[in-house]
Amino acid sequence: FITFVGNPGWKSSDFFAAKAALDPHDQFSQIKIALNDEQLRKEYLDSDFFIQASFGEGFGLPALEGLSLGKPGIVSAGGSLSEINRRCGGCLECDPKQANAIETALREIATEDVRRKLASQIKNVETFSWNNFAEAIFSLVRSVS
């Protein structure tokens, strides 16, 4: 069963139309939007893995959320998601413009051995904490004042 989590965004109408056409009665997938922090945390904890195969992710917060809870994932190759994977591990990378690349990654991460191996590689997620971000900003401000 696949659960899509997130608020509608840029060009999401195509996604919602495709989902409705392929699975109109939610037999093998569902969409959950407007979740609070606790609901979102539960979705991650209940999942086997996450996918963030994005065309234009600005930073990669969903990937960090999943990794911080020990969940392996699939992320876009290149950009901030690839950087997160280089620093934190735990993800397969794919070209989000190539359906066959996403399919290959899904088939690979569907096996428990691969998920376990990826999860064991997760590291350094805490370096992306809000506290570390605030400290970096404060240090920058102090250095220029």
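Annotations for the structure displayed:
- Only one of Phe49, Phe55 that is farther than 23 Å from Trp130 by Cα, in contact (Cβ under 8 Å) with a residue 24 or more places away in the chain, under 17 Å from the mean Cα position of the chain (by Cα) and surrounded by 13 or more Cβ atoms within 10 Å (Cβ to Cβ): Phe49
- Criterion violated by Arg116 - all others in (1) assigned to a helix (DSSP H, G or I); (2) within 17 Å of Thr3 (Cα to Cα); (3) of a type in the set (D, E, K, R) satisfied: (2)
- Residue within the range 117-135 that is closer than 17 Å to Ala77 by Cα and among the small types (Gly, Ala, Ser) present: no
- Test for Ile102: is it modelled with pLDDT of 95 or more, assigned to a helix (DSSP H, G or I), out of contact with any helix residue (DSSP H, G or I) (no Cβ under 8 Å at 6 or more places or on another chain) and β-branched (Val, Ile, Thr): yes
- Qualifying residue in the range 137-144 (condition: assigned to a loop (DSSP other than H, G, I, E, B) and either in contact (Cβ under 8 Å) with a residue 12 or more places away in the chain or farther than 22 Å from Gly9 by Cβ (or both)): no
- Long-range neighbours under 8 Å by Cβ, at least six apart or interchain, first residue farther than 11 Å from Pro72 by Cβ within the range 92-114, second hydrophobic (A, V, I, L, M, F, W, C) and loosely packed, with under 11 Cβ neighbours inside 10 Å: Pro96/Phe55; Lys97/Phe55
- Residues (over 18 Å from Gly60 (Cβ atoms) and among the hydrophobic types (A, V, I, L, M, F, W, C)) located in the range 89-118: Ala99, Ala101, Leu106, Ala110, Val114
- Which numbered condition Arg107 fails, given (1) modelled with pLDDT of 95 or more; (2) closer than 30 Å to Lys11 by Cβ; (3) touching a helix residue (DSSP H, G or I) at 6+ places or on another chain (Cβ under 7 Å); (4) not small (Gly, Ala, Ser): (3)
- Tally, over the range 78-98, of residues that are under 24 Å from Asp113 (Cβ atoms) and crowded, with 18+ Cβ neighbours inside 10 Å: 9
- Scanning the range 14-30 for residues being surrounded by fewer than 10 Cβ atoms within 10 Å (Cβ to Cβ) and under 18 Å from Ala53 (Cα atoms) gives a total of 1.
- Residue in the range 7-28 that is in contact with a Ser or Thr (Cβ under 8 Å, 6 or more places away or on another chain) and among the aromatic types (Phe, Trp, Tyr) present: no
- Exclusive hit being without any contact (Cβ under 8 Å) to a residue 60 or more places away in the chain and surrounded by 14 or more Cβ atoms within 10 Å (Cβ to Cβ), set Ile74, Ile33: Ile74
The values are calculated or read from the model by the stated rules, or taken from the named source; none is laboratory data. Quantities reported herein were computed from a predicted structural model and do not represent experimental measurements. A quick note on method: Cβ atoms are made from the backbone with ideal geometry, for glycine too, and the neighbour counts reach across all protein chains shown.
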